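Scroll down for the structure; my scribbles are underneath it.
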Amino acid sequence: MAATASTSAFARSPFRALASLRLTVVCLGFGMLLIFLGTLAQVHSGIHAVQATYFQSLFIFWKPAGASWGIPVLPGGYLLGVVLLVNLIAAHATRFQFTKKKAGIICLHLGVILLLIGQLLTGLFARETQMRIDEGQTLAYSEASREVELAVIDVTNSEYDNVVAIPEKVVARGGVVQHPSLPFTVRIKRFLPNASLFMRSQVPNAPASEATIGVGPTIVATEQPRTIKDDERDLTAAFVEVTGVSGSLGTWLVSNAIPDPQSFTLGDRTFELIMRQRRFPKAFAITLLDFKHDQYAGTDIPKNFSSRVRLVDQERGENREALISMNDPLRYRGFTFYQSGFDNNDTTTILQVVRNPAMLLPYIACGLVALGLTLQFSMHLFGFVKKKR
Amino acid sequence: MKKGTLTLWLIALATLLYVLAPLFRHDVRNGFEIEKFGRLPVLLNGRIKPLDTVARNSLLIIHGNQTVRLPHEQLTPMDWLAEVMLKPDTADQQKIFIIRNLETRTALGRPPGAKNGAEANAFLAALGMVPDPDKYWSFRELFPHVQEIEQQAELAGRVDAPLRSPFQRDIMKLYERVVLYHKLQNSLQISGTEDFKGQLDALQKAIHPSAIPMQSGISAEALQSLSALSQTGYFFPIPPFPPVDDPLQWKKMGDGILHFVTDGKMHPAVLAFAAMASAFEANDTSGFNTAVDNYAGWVKEHLPSRVRKSNLEYVFNQLQLFYSAMVIYVLIFLLACASWLIWPEKLGRYAFALLLVTFVVHSAGLIIRMYLEGRPPVTNLYSSAVFIGWGSVLLGIMLERFFRNGIGSATAAIIGFITLLIAHHLSMDGDTMEMMRAVLDTNGWLATHVVCVTLGYAATFLAGFLALLYIVRGAFTSSLDRKTAQSLARMVYGIVCFATLFSFVGTILGGIWADQSWGRFWGWDPKENGALLIVLWNAIILHARWGGLVRQRGLMVLAVFGNVVTAWSWFGVNMLGIGLHSYGFMESAFPWLIGFCGSQLVFMAIGALPAHTWRSQLESVKTAPPVKMADVSV
């Protein structure tokens, strides 16, 4: 069967056009353009913004300066991925028979399909968080590195805390938040996605603070553009007003740049207010026993980083030591812990905690693609050599 | 037939003689056995290497060249280093600091002349067309300006790297070079020490070793100079004592002596180097040679495996295998091209024989490097250039073996030449055998992912250069007949298949490596994207061919663009200065990259010209039917 797809074929059957090699070539071409532009854009926009706008999107929009609308100029990564996927499946449905000669092509394309599906699932469902543990410290949660939450903690009972965490999305929306376990409402008066915080004494002639209570009045918070650098993160801030049945208790300034919680009492209960990196509780705890940073002799070139940790899981009766080092992560209950960084003179480790349900797909895909390509091309090669002899 | 074989053997023999010639030269200068001195192992940047390697890399950085040409003689790197370390008065007068930047010269008080036409003169001088008296500077000439250089470098250092002006970059580099020179001078002894051995002997008699140095009876001044020697010293000359094979226990000269002050044990290496220093300074050749011999015997006895490697590295340095291979590749290319005009049989065979021998030389270099480093072939940009050349030549040899029309030889040779030339320029930054940073310290991934991706680069370049040959021969000569055109098309198609296999598998393996070490399969990092672009481009070529969207010439035009994509992925992304894979360097290479890509676009345009404008007429191609899916999937 001829693989040429002409415009008449398009007219005959849209399904056949969907399966055409012409479409494949066009999609691959757009893919290259997208990747090239996405690489260049990283110089000015940072990798996270580029990922969202170029690769995890349906369209790339051209926006006139200051406008809130845009014109789609290029297909985005998700759209191209899906079209290629459909193209590939359609091609196999219409053109390819399951014969021995086609085994290589089928195997290889199956690998590509898995790869595309895997990336789609990863983009949608994978979650990357971090654990920052000091030597001797035990943590049972990980944190999002680029997302905050507003936590309202009931610390009345010394046995346990009762935490209500308001996600960044909700805080950013503004308005009033009410929760059944809280005897008051929290009103978000102003949200600053990125802010610089200075002591009031350092900023002469600063306008009066919106905050009326806590550390807020002594601090000047000024809104800043969001950072695009990969090694920086936003300092988020908000002014929040707490109102009980008998009226307002005051307006607090909260920010992830203010490390200590600010407490207040209402009736016989004590609460704390803190904005912090969004936390993801774990059913198990990790203690950092020792962090090591090896260097090559007579240099400061790092040779290895490793964290010796103790993993304790009451639920499953697990209590053991593990070593996490470069290229050798710890995998436990669907999470993978990678050595990502360190701090405080080599006494604090930073672990990347990843949960990716589609993690295995690339491994299978790689095997299939390698097998398929090798089969296909060695058949070519042997045929060619035989002919030449 | 027999006569032909004899000629082939003679060619092979002559080539080997040319390559091995440096081994027959022995570096003895004024009676000093500098060669043996250069073989002594020291530790620098985490690796144990012969002093000769330290000398070569330092000289490359400071001088931009591996030999020093004086009016009456040529200095080898070791001749130079021995003087720098042991006869500073002489060394300081040698004009070895190369300064090309005119603004830097102005800052040093030598503006490029005020008279008319000075600018043009300076330009001609830069091109080497008129003598340039201010190109090389001695340390003595620079010395009065050291403070000025330091200040300017500090100012430049405050500017973000990509925004620095050529002057700022140059003055920072000059400062680094001056510091390096200063460190070299103070590595074996405090620069200008008189009779180091005598002083050590006196010290040994005068003090009573004590755990607290001040209680040993050593003068505060002497103690201070010991710690200065430790801080300034560039490399670690003193092996562990008692001898164990642990790089972490090597010491600098100052610490070696301090060890005696606190512990009472004088390291034989300390005494040996001191004896060499005193003898060299006093022009006592036999004393120097005996000290070197004795110490060489000591390290050989106690660290035999290190000495073996160190000796091999010395020989490797002398041979400069990649340089020789580079020169011969040019010859092969010319021979192969000539074979299309005259004596196709004979010249083609000679070119192929020469190619095989040169491939052996190239491979030997690669294998020795791998052995010395204990690593797979590709560990940095330099070695990637060497390996891309090697891979292309290997594939070219296979093509030549089948087609026997000189095309495989010519293409292999030109890529071999270009990649080794690139490697030669990349080696100007210093030691090309660096230690691998934590995440890269894994031979398994270096051997699979990196090798696969690099072979993918090599194959894509090979396909691109084959296509260039097609276009050049077709458009500018009448030598491209139908048969040659068809075999070229087959070659390009086959090599593109090979490139797809390796770049695809290599790229996915890279993803898996990233998943293993950072927990994400794909991060859209520039280098990852670059590799993916190559995969996609090769896939486009294959699908366009299968779909009949392109025929023979179209295939060639697409394959040439593969050169642009690969060059971008190899070098372009490094120039962006972002991402985990960026090396941050090579402003000077940028115009070359642009020039290369531009030239490829021109060739693509020529390839797309109407067929009748070509000198070789390939009418048959126009009527050739598109390849059918059924055919290609055989």
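Observations on the model:
- For the segment A:29-39, counting C-beta atoms of other chains within 10 Å of every residue's C-beta and taking the mean gives 5.
- Among B:P133, A:P207, A:L28 the positive-end extreme of the charge dipole of the protein assembly as shown (Cβ point charges): A:L28
- According to the Cα-based calculation, Rg over Rh for the protein assembly as shown is 1.01, with Rh computed by the Kirkwood formula.
- Reported to the nearest whole Å, the Cα centre-to-centre distance from segment A:8-73 to segment A:177-193 is 40.
- Qualifying GluC sites (Glu not before Pro) in segment A:302-389, where qualification requires a DSSP coil assignment and no more than 14 other C-beta atoms within 10 Å, comprise A:E315.
- Sparse-neighbour loop sites [chymotrypsin sites (Phe, Trp or Tyr not before Pro); segment A:16-121; at most 16 other C-beta within 10 Å; DSSP]: A:W69, A:F96, A:F98
- In terms of the mean number of neighbouring beta-carbon atoms within 10 Å, the peptides B:482-494, B:321-333, B:589-601 order highest first as B:321-333, B:482-494, B:589-601.
- Sorting A:Y338, B:Y175 by the number of Cβ atoms found within 10 Å of their own Cβ, with the fewest placed first, yields B:Y175, A:Y338.
- Distance between the 7 Å Cα→Cβ label points at B:D132 and A:R95: 5.7 nm.
- Shielding by other protein chains, A:380-387, mean Cβ within 10 Å: 2
- The magnitude of the dipole of chain A, with charges of +1 and -1 set on the Cβ of Lys/Arg and Asp/Glu and taken from the Cα centre, is near 2980 debye.
- Once the Cα atoms are used to define both axes, helix A:21-45 deviates from the longest principal axis of chain A by about 30 degrees.
- With the highest mean first, a sort of the peptides B:417-429, B:19-31, B:194-206 on other beta-carbon atoms found within 10 angstrom per residue produces B:417-429, B:194-206, B:19-31.
- Vicinal HN-Hα couplings computed from phi for segment A:209-220 (Karplus, 6.51 cos²θ - 1.76 cosθ + 1.60; Hz; Gly/Pro x): 6, 6, 6, 10, 8, x, 7, x, x, 8, 10, 9
- For the segment B:15-26, counting C-beta atoms of other chains within 10 Å of every residue's C-beta and taking the mean gives 0.
- About the Cα centre, charge dipole magnitude for segment A:253-386 (Lys/Arg +1, Asp/Glu -1 at Cβ), debye: 560 debye
- Exposure proxy order (Cβ contacts within 10 Å, fewest to most) of B:R140, B:R369, A:R355: B:R140, A:R355, B:R369
- Overall, the protein assembly as shown carries a charge dipole of about 5520 debye about its Cα centre when +1 sits on the Cβ of Lys and Arg and -1 on the Cβ of Asp and Glu, all other atoms neutral.
- In segment B:1-112, taking the dipole from charged Cβ atoms about the Cα centre, the farthest positive-side position among B:A107, B:L8, B:I62 is held by B:L8.
- In the protein assembly as shown, taking the dipole from charged Cβ atoms about the Cα centre, the farthest positive-side position among A:L79, B:F196, B:Q147 is held by A:L79.
- When the convex hull of its Cα atoms is viewed from all sides, segment B:497-578 shows a mean projected area of 5.7 nm².
- If R0 is taken as 25 Å, the Cβ-Cβ distance between A:K63 and A:L40 corresponds to a FRET efficiency of 0.90.
- A Gaussian network model of chain A, with springs between Cα atoms under 10 Å, assigns the largest mean-square fluctuation among A:A365, A:A91, A:A208 to A:A208.
- Qualifying chymotrypsin sites (Phe, Trp or Tyr not before Pro) in segment A:122-205, DSSP loop, other Cβ atoms within 10 Å at most 11: A:Y160
- Site pair B:F596 and B:L163 shows an inter-label distance of 3.0 nm when each label is modelled 7 Å from Cα along Cα→Cβ.
- Förster-model FRET efficiency, 45 Å R0, B:M370 and B:A202, C-beta, rounded to 0.05: 0.40
- Two-decimal log10 I(q)/I(0) for segment A:74-195, as the Debye equation yields it once each C-alpha is a single scatterer, q = 0.23 Å⁻¹: -1.30
- Distance between the pseudo-spin-label points of B:R100 and B:H182 (7 Å out from Cα toward the beta carbon): 2.6 nm.
The numbers here are math on the coordinates, done by the rules we state, and not lab data. Please read all numbers here as calculations on a predicted model, not as lab measurements. A quick note on method: Cβ atoms are made from the backbone with ideal geometry, for glycine too, and the neighbour counts reach across all protein chains shown.
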